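Report on the following structure.
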Amino acid sequence: MESIDALQAIERGQKVDQATLRSLGLAQLINLSSVSHVGSSGTELVFAGFTPQGLRLLKESKSSLASQLERQILNVVVRGFLDRHEPTSTRTLLQQLKCSIANHLRRLSDRGALNVVNNTYLNETYLPKAIAFYHCGDSAALAFARRSTEVVLRVLPILFDRELEGAQGSDQKQFTAEDVLKEAQTIDSSFDLNAIFTGLYLAQEFSVFSMMRKDDKQVGIISFSLGERVYEKQYLDWDDHIRRSNTALVNEWEYAQRESTPNPKKESVPSENEPTLMPTVDGPLSLFIRDADANSDTHKPVREETMKNLSVLISHSSKDQQLASALIDFLRSGLGLLPRQIRCTSVDGYRLPAGVHTDTQLRDEVKSSKVLVGLITANSLASPYVMFELGARWGAGAVMIPLLAGVTADQLRGPLSGMNALMCSSEEQLHQALEEIGGYLGLEVQSAAAYLKQLRSVMQQVPDLTAPTTRMGAQTKAQSKKQIPPTE
């Protein structure tokens, strides 16, 4: 593997072999760290950051996911977290960097590298996510974050096991950083409270806490409770987590590359006086046949900026507005999405931008949104617009997650019938949907306590299950409504 190819693969979180890592290390392009694994006496070399020479090579190849200024921003935020255990404000960043950073901060937060804590003018505050450590250029900080997270996630199942050994019917146990430290020092005696502070903070990205209480700065975890999900994350694959977290940055880079590369197969646009052979098409099909306005520059800046920020498009019937609204609340609570990152045309605050050409904007967003969530109900199955949107997305081979609400999988037709769909009436499957959407977007899933109320609100909005239509045209409904546990 060529050096530049290997550097690009590493920056995207892809796994490279030990020989390649060793070669890049000897060439002084990357820093390496040696780690040991559970149940193994051997060690493994892992990436611990790019050297200045490696970053320079990435920059010259025009393949870097983050600019030099963005890496500096990430470094300041990471150091603020590690050195002072506090978020970093925009004011602090401006004082240190002395340049315009607003667009860079928006990009880093939208793409899942930074978490916005406070959103007050000039006092917006930011905390780092795992990929902030990965891209910040501080090798020691990356190695420390990785080791801290791995050990903490190894300890949490041990603590949960002890809770299960207690008397039945007792209250859910609340653990503290000191509990984790005591157990962690049996694995690594050098561990201290700073390492536990970082490990617990980053463990939030793995949704291992059923409840938690934070400090006054909303940074450190004072106490927490655990659930069975700790077993799923017992052996952390840090590299896979970074790869998933990098998805949004990689998708944006690939989109920019496609846009900047001329397409020799692109058909020429008829001149103003040249007659067109394109027939007039009305209805939903017109959304996916390019019209004259599609190449107009009138709304191009609005469209490009919107498409750049759009993470989730919810394809749905306007008759299911309340269910779509509940789904938005669930996604925002679980993933920390901002309103501008979601499109849902029937819900206020998430509609199309004013003044755009509706058909053109919708067609472009169906193709360009990072994730399309298909909210499939009896209403949407009867909607030609929804079916065309889902069909166009399927034809593009892009990420699509079908969510069934009040219908069954055997009611899907055509290409959709071959896709695995999740049920909005199942709490476990909604958890799964949230994790998968977060993975595609490179976003951490919040603690279940942060979104459980919204999850159950989605379940409560699901209509009774409708059976497929019989030959006689009659439909049957479920005998009783779903029993949903009360929200605390």
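Numbers below:
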{"quantity": "Which listed residue is outside the structural domain of residue 150 (by TED's automatic domain parsing), at pLDDT 80 or above and either in a loop (DSSP other than H, G, I, E, B) or not basic (Lys, Arg) (or both), from 32, 127", "calculated": "32"}
{"quantity": "Region 147-186, residues that are at pLDDT 90 or above, farther than 11 Å from residue 226 by Cβ and outside any helix (DSSP H, G or I)", "calculated": "176, 185, 186"}
{"quantity": "Selection from region 4-16 of residues that are surrounded by 15 or more Cβ atoms within 10 Å (Cβ to Cβ) and either over 10 Å from residue 58 (Cα atoms) or assigned by TED's automatic domain parsing to the domain that holds residue 242 (or both)", "calculated": "6, 9, 10, 12, 13, 14, 16"}
{"quantity": "Close pairs (6 angstrom Cβ cut-off, 6 or more residues apart or separate chains): over 14 Å from residue 180 (Cβ atoms) in region 195-212, assigned to a loop (DSSP other than H, G, I, E, B) anywhere", "calculated": "205/444; 206/233; 210/227"}
{"quantity": "Residue in region 426-450 that is farthest from residue 309 (Cα to Cα), counting only those that are of a type in the set (Ser, Thr, Tyr) and in contact with a strand residue (DSSP E or B) (Cβ under 6 Å, 6 or more places away or on another chain)", "calculated": "447"}
{"quantity": "Condition met for residue 227 (farther than 17 Å from residue 444 by Cα, assigned by TED's automatic domain parsing to the domain that holds residue 149 and touching a residue at least 60 places away in the same chain (Cβ under 8 Å))", "calculated": "yes"}
{"quantity": "Test: residue 183 is more than 19 Å from residue 239 (Cβ to Cβ), charged (D, E, K, R), in contact with a Lys or Arg (Cβ under 7 Å, 6 or more places away or on another chain) and surrounded by fewer than 21 Cβ atoms within 10 Å (Cβ to Cβ)", "calculated": "no"}
{"quantity": "Filter result for the condition that a residue is among the polar types (S, T, N, Q), over 20 Å from the mean Cα position of the chain (by Cα), at pLDDT below 80 and assigned to a loop (DSSP other than H, G, I, E, B), over 480, 417", "calculated": "480"}
{"quantity": "Members of region 308-353 that are surrounded by fewer than 20 Cβ atoms within 10 Å (Cβ to Cβ), over 15 Å from the mean Cα position of the chain (by Cα), in a loop (DSSP other than H, G, I, E, B) and touching a residue at least 40 places away in the same chain (Cβ under 8 Å)", "calculated": "353"}
{"quantity": "Those residues of region 213-250 which are surrounded by 21 or more Cβ atoms within 10 Å (Cβ to Cβ) and more than 23 Å from residue 65 (Cα to Cα), in sequence order", "calculated": "221, 224, 226, 230"}
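A quick yes/no check of all residues on (1) at pLDDT below 75; (2) under 22 Å from residue 128 (Cα atoms):
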position	(1), (2)
231	no, no
236	yes, yes
263	yes, no
266	yes, no
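The values are calculated or read from the model by the stated rules, or taken from the named source; none is laboratory data. Note that the coordinates shown come from a computational prediction; the quantities given were computed from them, not determined experimentally. Cβ atoms come from the backbone with ideal geometry, glycine included; neighbour counts cover every protein chain shown.
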